[in-house]
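These notes are about the structure you will find just below.
Only the coordinates and a few stated rules stand behind these numbers; no lab work does. Keep in mind the model is a prediction, meaning the values are calculated, not measured.
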Amino acid sequence: MTVSDPVRTPRRAFWGDARFFLGILLIVASVAGVWLVVAAARNTVPVYAATHTIVPGEPISADDVRVVDVALGPLADNYLTPDDIGEAAVATRTIDEGELVPTASVGAADSARTTSVVVRSAVDVPASVAAGTVVEVWSAPLLEQGRYDAPRILVADATVVSVTRDESMIGGGSAALELVIPRAEVASTLAAMADESALSVVPTAGAGS
């Protein structure tokens, strides 16, 4: 009596296994993804970055910006390039030092709706108030010599260009600030200065703290 040999099922070749091809596809996809990331990182464009804080209404020249090469991809058109800046370009909003300059933050000088005035604050301002800080201007109208009416907001949204502090006064200094204010509020501001109203410059909520 003989024992028959067990029937052996033929093994499939490893290249016939679907999992083998799936593994190959995953490896290829991974390599392709890494290559695309590296290629995108190398695909940079020259755009402008601010060399200092630029305030609304301030003209922008070559001294105010520097060229940096950045990988922005499809966002490249949203930022100012060396080919975009014009001789009459001004900032339409505050651009912080080191910030890439968005094209939306630059406009023509003749379209500017702000102007600069110098205001002397009757009280000193916090040390943190500097170029680019948003402040309010308060006015206390003069009633008679040495007596003033209750203060009220004169300009609700002004941007500091520069600050000159006077530390020589005993018991607290004062400060002269160059401010960017809306053109519509220039007349009332000049009138308050002419009437010898007491003007005070204070940071808006959350600023200068």
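Averaging the inverse of every distinct alpha carbon separation and then flipping it gives the Kirkwood radius. What is it for segment 42-123, in angstrom units? Present the calculation step by step, with values, prior to reporting the outcome.
Working: mean 1/r = 0.0742 Å⁻¹.
Computed over Cα pairs of segment 42-123, the Kirkwood hydrodynamic radius comes out at 13.5 Å.
Rounded to the nearest whole Hz, the Karplus-based 3J(HN,Hα) values (6.51 cos²θ - 1.76 cosθ + 1.60, θ = phi - 60°) of segment 186-199 follow the sequence 5, 4, 5, 5, 5, 5, 5, 5, 5, 7, 6, 5, 7, 9, with x at glycine and proline.
The phi torsions of segment 131-145, fed into the Karplus equation with coefficients 6.51, -1.76 and 1.60 and a -60° offset, translate into couplings of 4, x, 6, 8, 9, 10, 10, 9, 10, 10, x, 6, 8, 7, 3 Hz, rounded to whole numbers, with Gly and Pro shown as x. Under a 5 Å amide H cut-off, with hydrogens placed 1.01 Å from N, T53 pairs with E97 among residues at least 5 apart or on other chains.
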